[in-house]
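J.: Dumping the structure here so I can ask a few things about it.
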Amino acid sequence: MKIPQQPLSQRILKYSLTTLIIIGSLWSAAGLEITLERILDAPRQIGILVGAMFPLDLSQEAFDRIIPKVFESLFIAWAGTVIGAIFSFPVSFLAAQNVAVGIVSRTTKQILNAIRAFPELILAFVFLPITGLGPFTGTLAVGIHSIGTLGKLSSEVIEGIDEGPLEAIKSSGGSKLNELSFGVIPQVMPTITSYWLYRFEINLRASAVLGVVGAGGVGQELINQLRFRDFPRAGTVLICTIILVLTADTISAAIRNRIIKGKVVKS
Amino acid sequence: MINIPKKPAPTYLVTLGIPAAILFTIFSFRRIGFNLQDFRENLANRAIVTDPLFNPKWQWAWDNTADALLETVQIAILASIVGCAVALPLAFYASRATNLNKYSYFLYKSFLNLVRTIPDLFWAMLFTVAVGIGPFAGVLALIMFSLAIMGKLLSETIDSIDPGPMEAAKATGASHNQSVFTSALPQVLPNYTAYFLYIFELCIRASVILGLVGAGGVGRIIETQRIFLRFDRISPIIVIILVVVILIEQFSVWIRRRII
């Protein structure tokens, strides 16, 4: 029996990619001085750290410190997402090719790209001298980065709409503004809202991290406990963060599902 | 008269959700100390950062960051390759289409969710404590990071594969594992490659900040210069990273077009 083979060019591509991956990882491992010994020893070392975290520090004092910080991260993420959503919404119309004039769309897109290039932590550095150490700094950093990412995603949603309703509005004498409010917005709103929620999930993780540079949130607490070698309390911080993120993710995912797929009709 | 259909009544999600969201927003802004007046008063302070930031010292960056940049790229390469390799079998166990056992499916799915909840820099902090400061901790952190993303993306892709080929393989007498290997795996391989390239990009971006907690890479230089407020030395690094990311993006677009 003759089994058809993949074309030669495909096979060459496949093998060269495999070699590239193997050489790449070996080269990187050598460059970073990662030896087999270290890899084999890592599980034991991680085990020691995890072991040191248990039993968790469940004292009242620990919770009094940690819980407000965990919620601070939640507030930073939410407020940052709201800032991102409010500002990115009009901007995304300017960035969409089918709504704005060519040059406006291209410039706006470049501005959004430039904003996205700065990680939240770097933005936090920029805001620290203005807003000081605290959650406000984190919120601004998260918010501005979200404008970049949400603006890009939303403008892509707007570019993907069905032009039919727009034509219908135009032919019945509607203005450009009518077109936007009756033609574009109803079409894009569900997807854009779900992107906002999705961004909120990402921002929650980002805001947890921001504490490392003093921009508020639970990251500060974790890095302090790890520095002071108070591992049981670090473990509590970690567990509290996991619970918060899991809960927020679950709720947000449920709402997104409901928005995109609509009401489940029981038959 | 034209009979216009009535607009359906808003659901509970809208009537309760929107006021709740607005209330929560107001509450959040109060709790984070949102204060535009202070912001305006202190706006002049921005010069401390922005003046040097927009006045980059290219020569300095050129002379001092090459090693650290190479380290960043190496961390990203190693971590994304290992992370995605580990994620491949996990994703098949975490998909209902390929894992027939309800309990082990739930176990793998929960594991991936759990890994995903911990932010990348938290992993980095934990690993610097566990295995010591240096790029090895960064590699481990990004392995968890890419494992989580690949696990989620790929398992969801496997959920939506065409079951036909698997059935066909089983009809010819293949065991479940054989049918997964010969029918499910080839279906998702193009997606796997595309996700891998995407994750590699994310890893490059993420490995920039790993140095802030001592996990190696170019972030180590950013952190030391930040403490001395030398933002004129930080901005060229950011631009260089941006160029690297754009180059990698172009490369992955090229490969993706070849494969899919």
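The values are calculated or read from the model by the stated rules, or taken from the named source; none is laboratory data. Since the model is a prediction, treat every value here as computed from it, not as a measurement. Glycine also receives a Cβ, built like all others from the backbone with ideal geometry; neighbour counts cover every protein chain displayed. Areas reflect the complete protein model, heavy atoms only, side chains present, ligands, DNA and RNA absent. Shrake-Rupley method; radii C 1.70, N 1.55, O 1.52, S 1.80 Å.
J.: Send over the per residue convex hull volume for the stretch A:55-261, Cα only, as a whole number of Å³.
T.: In the stretch A:55-261, the Cα convex hull volume per residue is 120 Å³.
J.: Shifting gears a bit: Can you give the accessible area of residue B:105 in Å² (nearest 10), computed on protein heavy atoms with a 1.4 Å probe?
T.: That residue has around 30 Å² of solvent-accessible surface.
J.: Which FRET efficiency value, to the nearest 0.05, is calculated for residue A:113 and residue B:254 with the Förster distance at 22 angstrom and r the Cβ-Cβ distance?
T.: The calculated FRET efficiency here is 0.65.
J.: Could you state the accessible area per residue of the stretch B:70-202 in Å², with a 1.4 Å probe and every protein chain left in place?
T.: 41 Å²
J.: For residue A:227 and residue A:103, calculate 0.36 nm times their separation in residues minus their Cα-Cα distance, and state this gained length in nm to one decimal.
T.: 39.5 nm
J.: Charges on Cβ only, +1 for Lys and Arg, -1 for Asp and Glu, centred on the Cα centroid of the protein assembly as shown; of A:134, B:44, B:252, which one is farthest towards the dipole's positive end?
T.: Comparing the listed Cα positions along the dipole, B:252 ranks first.
J.: Once each part is reduced to its C-alpha centroid, what is the distance from the stretch B:3-59 to the stretch B:60-108 in angstrom?
T.: One Cα centre to the other: 33 Å.
J.: Accessible area of the protein assembly as shown with a 1.4 Å probe: how many percent of it is carbon plus sulfur?
T.: Of all accessible area on the protein assembly as shown, carbon and sulfur atoms account for 67 percent.
J.: Add -39500 (n - 2.57) for each DSSP H run of 4 or more in chain A, then divide by its residues: what number comes out at 222 nm, to the nearest 500 deg cm²/dmol?
T.: About -26500 deg cm²/dmol.
J.: A further question on this structure: Output the pairs from A:14/B:102; A:69/A:109; A:14/B:170; B:7/B:109; A:176/A:261; B:109/B:170 with a Cα-Cα distance over 32 Å in this structure; if there are none, say none.
T.: Checking Cα-Cα distances, A:14/B:102; A:69/A:109; B:7/B:109 exceed 32 Å.
J.: Residue by residue through A:42-49, how many Cβ atoms from other chains fall within 10 Å of the Cβ on average?
T.: Mean partner shielding for this stretch: 4.
J.: Rounded, prolate or oblate: which one fits the protein assembly as shown, using the alpha carbon gyration tensor with axes a ≥ b ≥ c (rounded when a/c is under 1.5, else prolate when a/b beats b/c, else oblate)?
T.: Rounded is the answer for the protein assembly as shown, as its axis ratio a/c remains below 1.5.
J.: If you keep only loop residues by DSSP, which trypsin sites (Lys or Arg not before Pro) in the stretch A:1-41 have at most 15 other Cβ atoms within 10 Å of their Cβ?
T.: Those satisfying the criteria are A:2.
J.: Still on this model: Compute the whole-percent fraction of alpha carbon pairs in the stretch B:6-46 spaced more than 10 Å apart.
T.: In whole percent, the long-distance tail amounts to 76.
J.: Scale the Cα Rg of chain B by the rule-of-thumb value 2.2 N^0.38 Å and send over the ratio, two decimals.
T.: 1.34
J.: Sticking with this structure for a sec: Going by accessible area, probe 1.4 Å, with all protein chains left in place, what is the ranking of B:176, A:145, largest first?
T.: B:176, A:145
J.: Hey, got the average number of other protein chain Cβ atoms within 10 angstrom for residues in B:46-52?
T.: 3
J.: A further question follows. Calculate for chain B the 222 nm mean residue ellipticity that helices alone would give, adding -39,500 (n - 2.57) per DSSP H run of length 4 or more and normalising by residue count, nearest 500 deg cm²/dmol.
T.: Only helices count here, giving -25000 deg cm²/dmol.
J.: With a cap of 14 neighbouring Cβ atoms within 10 Å, and only residues DSSP puts in a loop, list the chymotrypsin sites (Phe, Trp or Tyr not before Pro) found in the stretch A:132-240.
T.: Taking the stretch A:132-240 and a limit of 14 other Cβ atoms within 10 Å, the loop chymotrypsin sites (Phe, Trp or Tyr not before Pro) found are A:228.
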